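Nothing in this text is a laboratory measurement; each read-out follows from the coordinates by a stated rule. Small disclaimer: the values here were computed from a predicted structure and weren't measured. Here the Cβ positions follow ideal geometry from the backbone for every residue, glycine too, while neighbour counts run over all protein chains shown.
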């Protein structure tokens with residue numbers, strides 16, 4: 001009965017992250033059944049590739065960050081587990097707005113599609129921030145062997161996340177395509193902060 | 001050959017829980033292909049969001065409970081493994097009635113849809129109760145280091161589950177929407193009892 | 001570099017078994033969109049439920065057996081890993097004929113549908129037998145701590161599997177429904193032999 | 001905070017490999033709803049079976065290789081994790097061109113379909129080579145206990161991979177069917193090198 005709650009949270013989270021990322025490919029498809037135009041169709045659906053790559057890397061980055069943060073945490077409490085469940089609920093939802101972006105980008109309806117996508121990612125950033133703040137404030141759930149310097153390094157890595165996803169959300173109302181590209185850039189930018197720990 | 005049967009059960013169960021929860025998003029979709037009305041359509045499909053959130057949190061809670069109970073159990077026997085398989089069979093089925101609720105809530109057919117949903121959850125509660133009673137009665141499969149107080153704490157957490165899912169089932173015949181909302185509330189209520197152990 | 005090959009095989013196999021079982025629910029669906037007839041439709045699709053339950057329990061049983069057998073095996077060799085991959089290839093294919101049974105049972109086409117289903121399961125039994133015989137004959141891959149009595153107990157459990165799936169296959173040509181029901185019964189029969197080890 | 005980065009990479013990678021392989025079956029389907037012609041239809045869709053088997057074994061082989069290589073690696077750095085994420089992004093994409101091959105082989109459009117398939121596999125081979133070269137060159141991430149002989153054995157196994165997938169890609173422009181069959185043969189050829197370690 002004395003296993004840390006963290007390993008159980010990790011197993012469930014790992015499953016959800018990996019499955020959500022891998023399900024993204026189901027949204028990629030061709031709408032024509034005419035073989036003669038397949039080559040053309042495969043080029044025409046570039047928004048599917050862009051949204052696939054953006055969502056896959058974003059989920060991968062969240063996953064790496066999530067693991068990194070969890071490692072600083074000792075025994076979890078009920079609130080933390082509930083916040084984690086809400087975070088996963090949002091992450092597992094990403095394939096739906098990704099499908100919308102694939103279907104509507106550069107067509108009528110791209111506005112609502114990308115707004116839904118950006119809203120899902122903004123909510124993810126909000127839930128992630130709450131989840132981490134809850135564990136970190138006053139070192140509520142932080143393990144005793146974790147130094148303040150390590151926590152501050154994580155905080156620095158997180159600081160730009162929420163504001164940047166807010167920028168993506170606002171941008172979605174003006175230029176849906178730019179918002180998607182910024183999301184992809186954001187994921188690429190996050191990786192260094194996410195994996196800083198790997199070098200130490 | 002001396003590995004406890006529990007870890008094997010856990011691995012299979014973990015996979016099924018995480019996959020069933022993450023597959024739920026595949027049921028969310030828009031039925032129009034007109035981009036002009038996409039914004040409106042995204043609001044119109046709120047039953048999809050409600051059923052997604054309800055089923056995701058419900059599966060998450062069952063998963064947390066399942067892990068908590070398994071930890072009290074020593075070597076499993078054949079009957080326990082078969083009961084566990086039946087429980088997972090029901091959990092893995094949840095995406096189907098969830099899809100029905102998403103498609104039919106607040107429309108013709110919401111009655112049968114929500115009754116099917118509530119029946120699946122009621123059966124889950126019944127199977128879960130049998131599964132746990134089998135292991136717990138006379139401490140048949142309970143590990144020697146688990147105290148009676150711990151078992152009683154789990155029992156107290158379980159006591160309201162079966163009657164409440166029965167209420168949901170009956171309510172589904174009269175007010176489908178209320179039955180879905182009660183299911184969501186029930187999942188939120190269960191979390192505390194499920195995670196009590198995390199604080200000890 | 002000295003990790004046993006078995007744990008790697010187990011991780012991949014576990015994933016495939018759990019995902020294949022959980023994907024089965026995606027094949028369950030209603031073909032009508034009229035809400036007024038949903039209640040009737042939910043009863044009409046009973047072959048979907050029957051094929052879902054049959055395939056889920058069958059995959060669960062294969063999974064339990066697979067784990068049990070793997071535990072007797074020491075370091076794996078390349079042939080064993082290739083045979084294991086072929087076995088998983090067949091197991092992961094089960095959702096397709098399951099979908100056929102759901103769609104065609106008790107309708108025109110039930111013959112080919114159930115024959116395809118039975119052929120997939122028969123091939124599974126053949127591959128499983130080859131996989132196990134390869135490891136077991138002359139104790140080629142059997143760990144030194146495993147007794148002959150244990151191996152003979154496993155053999156006894158396996159003996160009826162291949163002939164019975166052959167009976168199912170032949171029966172599919174004459175009575176498709178009976179073949180599906182026998183498959184379900186076979187899975188229930190297999191559980192005891194599969195989990196014998198759990199009691200020792 | 002001192003867990004090796006490799007185990008985290010392994011867990012995510014394992015999930016993606018197993019899920020991508022198991023999702024392949026969702027692409028197999030019959031397009032007719034007439035039960036009378038189901039038997040004929042099940043034979044007509046042989047390209048679905050061929051592409052399913054080819055992709056399943058290919059993913060299985062990549063997965064075995066990936067595990068084998070990871071085992072030689074000590075603590076990972078950020079670049080390695082990013083390369084790994086790109087590799088998984090490509091592997092998880094395989095079900096899409098597999099679906100194209102299933103739908104278009106031996107019909108109009110088979111050219112673009114198989115070119116897309118071969119391009120995905122060629123990109124996989126390129127990313128895999130970069131991923132491994134990055135870790136291996138100058139023993140940048142290689143664990144101290146790994147001998148040069150072991151590394152050279154892995155290199156020998158890898159040497160033919162990239163050129164052969166390039167041949168498959170070029171072949172796809174001239175004979176799509178031959179390109180798919182060569183891909184299947186390539187996977188079967190890779191297994192020995194992939195599992196060499198299992199015998200040592």
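For this structure, a couple of remarks:
- Each listed q (0.19, 0.24 Å⁻¹) maps to a log10 I(q)/I(0) for the stretch D:85-189 from the Debye sum over equal C-alpha point scatterers, namely -0.92, -1.25.
- Among chain B residues, the beta-carbon with the smallest distance to the axis carrying B onto D is reported, with distance in whole Å, as B:19, 4.
- Teacher prompt: residue A:160 distances to equivalent labels in other copies, 7 Å Cα→Cβ, nm: 4.7, 4.7, 6.6
- 0 to 90° range, to nearest 10: angle between helix D:176-195 axis and chain D longest Cα axis: 30
- Cα-based convex hull, the protein assembly as shown, per residue volume (Å³, whole number): 158
- The calculated FRET efficiency for the pair residue D:43 and residue C:43, based on their C-beta separation and a Förster distance of 30 Å, comes to about 0.35.
- Quarter of the Cα convex hull surface for the stretch C:52-143, i.e. its orientation-mean projected area (nm²): 5.8
- The stretch C:13-58: equivalent-ellipsoid semi-axes (sqrt of 5 x gyration tensor eigenvalues, Cα, Å): 27, 11, 5
- Rounded tilt (10° steps) of B:110-136 against the dominant C-alpha axis of chain B: 10
- Counting only DSSP H runs of at least 4 residues, each contributing -39500 (n - 2.57), and dividing by the residue count of the protein assembly as shown, the helix-based mean residue ellipticity at 222 nm comes to -25000 deg cm²/dmol.
- Each Cα pair under 8 Å and six or more residues apart adds its separation to the average, and for chain C the resulting relative contact order is 28 percent.
- What the Cα convex hull of the stretch C:1-100 gives, in volume per residue, is 92 Å³.
- Grouping the Cα pair distances of chain D into 5 Å bins from zero gives a pair-distance distribution of 1, 7, 15, 18, 18, 14, 10, 7, 4, 3, 1, 1, 0 percent in increasing distance order.
- Average projection area in nm² (convex hull over Cα atoms of the stretch A:58-101, one quarter of hull surface): 3.3
- Angle between chain A longest axis and helix A:95-104 axis [Cα atoms, degrees, rounded to 10]: 30
- Computed log₁₀ I(q)/I(0) - Debye formula, equal Cα scatterers, no solvent, the stretch B:78-119, q 0.34 Å⁻¹: -1.04
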